[in-house]
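Notes for the one structure printed next.
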Amino acid sequence: MGSAWTAKLAGLLPASAEELRAGAQSRFDAVNLALSTYRADSALSRFNDDDSGEWVKVGPELGEVLAYALSLAERSGGAYDITVGPLVNLWGFGPEPATRQVPDASAIDAARERVGWRGVEVDPTHTLARKRPGVRVDLSSLGKGRGVDRVAEYLDSRGIANYLIDLSGKLRARGRNARGEPWRVAVERPAADVASDAREIEPAIVALHDESVATAGDYRRFFESGGRHYSHIIDPRTGFPVAHSTVSATVIADDCMQADALATVMMVMPPAEALALAERSGLRALLIAHAGKYTVLRSAKWPAVP
């Protein structure tokens with residue numbers, strides 16, 4: 001998935017670290033084989049290549065993830081849209097070679113004609129799916145979280161009661177750390193190495209109690225052109241990278257796939273819209289925005305500092 005992962009385990013281990021590491025890696029590999037847009041042999045790539053418009057068999061991994069993603073698209077009013085792939089590629093953030101140039105208006109309009117989450121369907125058993133010809137699905141916004149969840153299931157099956165899994169800022173915890181305390185993680189300051197005022201943000205510390213946390217941001221994958229910042233977070237409703245003041249969004253959820261996807265939703269929406277969704281849905285969300293200076297915005301459910 002283009003990222004490094006770690007798994008910290010506390011307590012007695014049921015097997016060698018090498019065996020457990022291999023088991024965890026195999027779970028990440030299986031999710032990658034199902035959901036990757038970079039592998040021609042993945043289940044998702046095969047689904048994307050099928051432009052028949054007919055129902056086709058999909059594996060349970062892909063089917064379950066598609067079903068969740070479509071439900072989130074509806075809940076978010078289309079701010080979350082897994083068919084945004086043509087726009088992601090057009091802006092240079094997909095598997096196709098990056099141009100680091102702003103596309104022209106006609107190219108954006110053409111790509112938007114192929115975008116629309118209602119063009120994808122999954123049957124109730126999550127074993128069959130179909131899509132409108134020309135539609136391409138991109139599950140990068142939750143694939144890492146799904147991988148973390150699968151590794152958590154593996155560790156659970158081995159009887160490991162205390163762990164913290166981290167895949168590029170997508171984390172899931174269970175039990176307690178080696179000191180017998182809850183696993184504590186900090187929300188990253190955006191671009192703290194280059195923006196001096198970001199260092200003024202008070203660190204947001206989260207104590208995880210058998211739950212997950214994920215952060216999405218616009219400050220790692222981007223390009224600049226004409227004095228403007230263009231991030232990899234694309235708003236499917238406009239066809240353009242987000243241009244509002246939110247620079248990172250963090251969500252706590254029961255599982256990491258949800259936290260991962262919801263953090264993306266919070267990034268796509270402007271701050272007021274994102275917080276309104278968080279309050280309606282009872283989400284634990286934290287936004288860092290920059291409009292002249294950095295500010296931290298929290299939903300009512302965001303936990304107090306542990």
Mind checking whether some residue in region 47-66 is touching a strand residue (DSSP E or B) at 6+ places or on another chain (Cβ under 8 Å), at positive phi and either buried (at least 21 other Cβ atoms within 10 Å of the Cβ) or not in a helix (DSSP H, G or I) (or both)?
yes
By residue number, the members of region 286-306 that are surrounded by 13 or more Cβ atoms within 10 Å (Cβ to Cβ) and among the β-branched types (Val, Ile, Thr) are ILE288, THR295, VAL296
Top-ranked residue of region 211-242 - restricted to ones that are at pLDDT 85 or above and of a type in the set (Gly, Ala, Ser), ranked as surrounded by the most Cβ atoms within 10 Å (Cβ to Cβ)
ALA214
Residues that are in contact with a strand residue (DSSP E or B) (Cβ under 8 Å, 6 or more places away or on another chain) and either within 23 Å of TYR38 (Cα to Cα) or assigned to a strand (DSSP E or B) (or both): does region 73-81 have at least one?
no
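Residues are listed down the side, and each one gets a yes or a no for (1) touching a residue at least 60 places away in the same chain (Cβ under 8 Å); (2) touching a strand residue (DSSP E or B) at 6+ places or on another chain (Cβ under 9 Å):
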site: HIS229; (1), (2): no, yes
site: ILE234; (1), (2): yes, yes
site: ASP254; (1), (2): no, yes
site: ASP260; (1), (2): yes, yes
site: LEU275; (1), (2): no, yes
site: GLY282; (1), (2): no, no
site: ALA289; (1), (2): no, yes
site: GLY292; (1), (2): no, no
site: LEU297; (1), (2): no, yes
Only residues that are in contact (Cβ under 8 Å) with a residue 12 or more places away in the chain and under 13 Å from TYR163 (Cβ atoms): list them for region 1-20, please.
TRP5, THR6, ALA7, LYS8, LEU9, ALA10, GLY11, LEU13, PRO14, LEU20
Regarding region 18-39, can at least one residue be identified that is of a type in the set (A, V, I, L, M), surrounded by fewer than 18 Cβ atoms within 10 Å (Cβ to Cβ) and not in a helix (DSSP H, G or I)?
no
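The values are calculated or read from the model by the stated rules, or taken from the named source; none is laboratory data. The structure displayed is predicted, hence computed values, not measured ones. As a convention, Cβ positions derive from the backbone with ideal geometry for all residues, glycine included, and neighbour counts pool all protein chains shown.
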